[in-house]
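Contents: one structure, followed by commentary.
The values are calculated or read from the model by the stated rules, or taken from the named source; none is laboratory data. Values in this document were obtained by computation on a predicted structure and should not be read as measured data. Because the Cβ atoms are built from the backbone with ideal geometry, glycine has one as well, and the counts that use them run over all protein chains shown. We work out accessible area using only protein heavy atoms, side chains counted, and drop any ligands, DNA or RNA first. Shrake-Rupley method; radii C 1.70, N 1.55, O 1.52, S 1.80 Å.
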Amino acid sequence: MITTVEAVPFVAPKTQGAGVPDQDLVLASKNLYVWFGPRMVLADVSLNFPKNSVTALIGPSGCGKSTYIRTLNRMHELIPSAALAGQVIFEDKDIYDPTVNPVDVRLRIGMVFQKPNPFPAMTIKENVLSGLKLAKLSNSNQNELVEKSLSQAGLWNEVKDRLDNTGGSLSGGQQQRLCIARSLAVDPHVLLMDEPCSALDPGSTLRVEQTIRELSEFMTVVIVTHNMQQAQRVATYTAFFLLEDNNPGYAVEHGPTQHIFGNPIDQRTSDYVNGRFG
Amino acid sequence: MVVQPPQPRTVPRNAQLTKADRRFARIMTAAAFFSLIVLSLIAFFLVYQSLPAIRDQGLINFLTGTEWDSKTTSDGTTTEDPVFGVAAMLWGTILIAIIAIVIGLPVSLGIAVFIVFIASARLATLLRNTIDFLAAIPSIVFGLWAISALTPVGKQWGEWLTNSLGFIPIFENNLGIWVGTPFIAGIVLAVMVTPIITSVSREVLGRTPPELINASQALGGTLWPTLRYVAFPFAKSGIVAATMLGLGRALGETVAVFYVLNLTYGKINWYQIVSPDGGSIASLIVAKFSEADPLEISALLGGGMVLFIITLIVNAISTTIARSTVKDM
Ligand SMILES: Nc1ncnc2c1ncn2[C@@H]1O[C@H](COP(=O)(O)OP(=O)(O)OP(=O)(O)O)[C@@H](O)[C@H]1O
Ligand SMILES: [Mg+2]
């Protein structure tokens, strides 16, 4: 259940930086406030995600990156005490509009989690197709869909001969790409990734990053990461989140990745990306 | 240079244990052996005590016969040879246990799902405590409840089933009596097995990893698909084990069944569950024990042995199923 709370008067710090152009947006949050119970954890977050871009969300632990990303596909409201105010515009429509079905939102905006989580009782093939079953969708050519999704996730060549093995028989990096394939199979327009590489070794990490770059040719990606090199390797844009004292977290600076890392406007951004705190 | 590969060094299996650990381990080992010994002693006792009756009747007759009559009149004189066959009681036991599971399992799963996935924290706690309380009620209380409150209602339900669904063989009733039926006994047992099945199912369903539930939700899975494709497959072996535990209780229940079930000898009631022809080995023992002569007591203990073996088989099946589903994962 979601109780949409009206934003109370609140002096929210302005997000600095060059931002991103307003045109050709697939996804955007507008004046988003988020609560857990009575505690406001995010204040006034307005970020734009242009079509076929990769945006990295960075910031110290606990500043609300995961919380934010979960508001973008209505996963946040599944936590009992969760509340939010503001808007998330996806393809020109507010996803929190009462007429919108959250299931449709989650199918168009997929999510990959920190820990690879293939369904243990299902085979590789069943894992890829699980979204169809879970959302009661039909697809006439399942084999083609399996191959397409696994290829897009960069896993096809490694698993094409053992599609009937369980997902658990893969390495951690392969499992994560299986999870990406599973999300892709329901044809999302946006993929949200919450620290997708933090449980992986460097080799698997590079492999997933390459997948992300390939995906960004036809879809929009938002990725939370603690890895500054990773943000610079994959992201077109970067947003820096921060939580200070007991205030809610907010987006300090947002703009093209070269700006955030090369010549940030805010001193705190500069300190963070240069490893001076966090 | 040719070198001889070294021998692996042996590490004592309990090298990591302290002295207190070792003492504790010894006590635990003794306890484990003790339970094995007790189990074998029970088995031995049952076999030994039932031998006279089985010798008298013949094993095949004892297992396949349906009559149970000591042929002893009230003044203690015996005119004919006694006949003791457990088949009708044995099948009756299984029939009411099946009814109990068919009714109790869906109800239990429904409650468990509600507690784990739907109810608010406070309601979940309340329900959990209520169910656990139900498990602690002595079966004599269930028996009294069954005879005073359930039987009149169960009679009406049975009558309704015969009148509206009597064309299905299991709801046939040729006697026009709807009390003392396996159906009513099955309902009592269903109520009695529900707490066990619910508790264990709730426990295993509650252990579904949250990341799997998240994954399902992120793929557009609502409650039912998430249960069907994620939570139930994960909890499958636990639910099977829970069902077997419930079955064990249903098979062995004595008093509550004795109060509400009409025991019929001489034929096996295979499937007419709303007909007043029931059987139950445990109830048979209660019904006959106090007035039995030594041979009949031996026969009753033979019935006990059959029940014991059935329970062991149920347990073996459940262990096998649990193990094979664990392997699947
Ligand atoms: N389920 C929850 N209930 C209550 N508070 C929560 C919940 N989840 C997160 N929070 C709080 O919200 C704030 C933001 O948490 P969040 O997980 O979004 O941080 P994060 O930026 O993703 O951190 P990390 O980098 O460590 O993953 C934290 O203060 C956290 O304590
Ligand atoms: Mg996080």
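Within region A:117-128, how many residues are open to solvent by less than 20 Å² (accessible area, probe 1.4 Å) and either assigned to a helix (DSSP H, G or I) or more than 7 Å from chain B (Cβ to nearest Cβ) (or both)? Number satisfying all stated conditions: 5.
With respect to A:Asp271, is the statement that it is assigned to a helix (DSSP H, G or I) and of a type in the set (D, E, K, R) true? For A:Asp271, the condition - assigned to a helix (DSSP H, G or I) and of a type in the set (D, E, K, R) - is met.
Taken over region A:68-102, the criterion of being modelled with pLDDT of 95 or more, more than 14 Å from chain B (Cβ to nearest Cβ) and within 13 Å of ligand 1 (Cβ to nearest atom) is satisfied by A:Tyr68 alone. Take region B:170-191 and flag every residue that is over 25 Å from the mean Cα position of the chain (by Cα) and touching a residue at least 40 places away in the same chain (Cβ under 8 Å). Selection gives B:Glu172, B:Asn173, B:Asn174, B:Leu175, B:Ile177. Does B:Asp21 satisfy the criteria of being acidic (Asp, Glu), on the phi < 0 side of the Ramachandran plot, open to solvent by less than 70 Å² (accessible area, probe 1.4 Å) and free of Cβ contacts under 8 Å to residues at least 12 places away in the same chain? Yes; evaluated as a whole, the condition is true for this residue. Between A:Pro50, A:Pro60, the distinction of being touching a Leu at 6+ places or on another chain (Cβ under 9 Å) and within 16 Å of ligand 2 (Cβ to nearest atom) belongs to A:Pro60 only. Checked against the criterion of being surrounded by fewer than 23 Cβ atoms within 10 Å (Cβ to Cβ), at pLDDT below 95, in a strand (DSSP E or B) and within 16 Å of ligand 2 (Cβ to nearest atom), the candidates A:Val45, A:Val41 yield just one match: A:Val41. Restricting region A:63-80 to residues that are more than 13 Å from ligand 2 (Cβ to nearest atom) and aliphatic (A, V, I, L, M) leaves a set whose member that is farthest from B:Pro210 (Cα to Cα) is A:Leu72. Would you mind stating whether B:Ala235 is open to solvent by less than 10 Å² (accessible area, probe 1.4 Å) and either basic (Lys, Arg) or over 22 Å from B:Ile147 (Cα atoms) (or both)? So B:Ala235 passes the test.
Regarding A:Ser198, is this residue within 16 Å of ligand 1 (Cβ to nearest atom) and under 16 Å from the mean Cα position of the chain (by Cα)? Here the answer is yes, as A:Ser198 does meet what is asked. Whether a residue is in contact with a strand residue (DSSP E or B) (Cβ under 6 Å, 6 or more places away or on another chain) and facing chain B (nearest Cβ under 9 Å) was assessed, and A:Leu137 does not pass this test. Contact map, region B:98-127: residues that are within 12 Å of chain A (Cβ to nearest Cβ) paired with residues that are surrounded by 18 or more Cβ atoms within 10 Å (Cβ to Cβ), Cβ distance under 7 Å, separation 6+ or inter-chain. Pairs shown: B:Ala124/B:Ile115. Among the residues of region A:173-195, the ones that are within 16 Å of ligand 1 (Cβ to nearest atom) and open to solvent by less than 10 Å² (accessible area, probe 1.4 Å) come to 2 in all.
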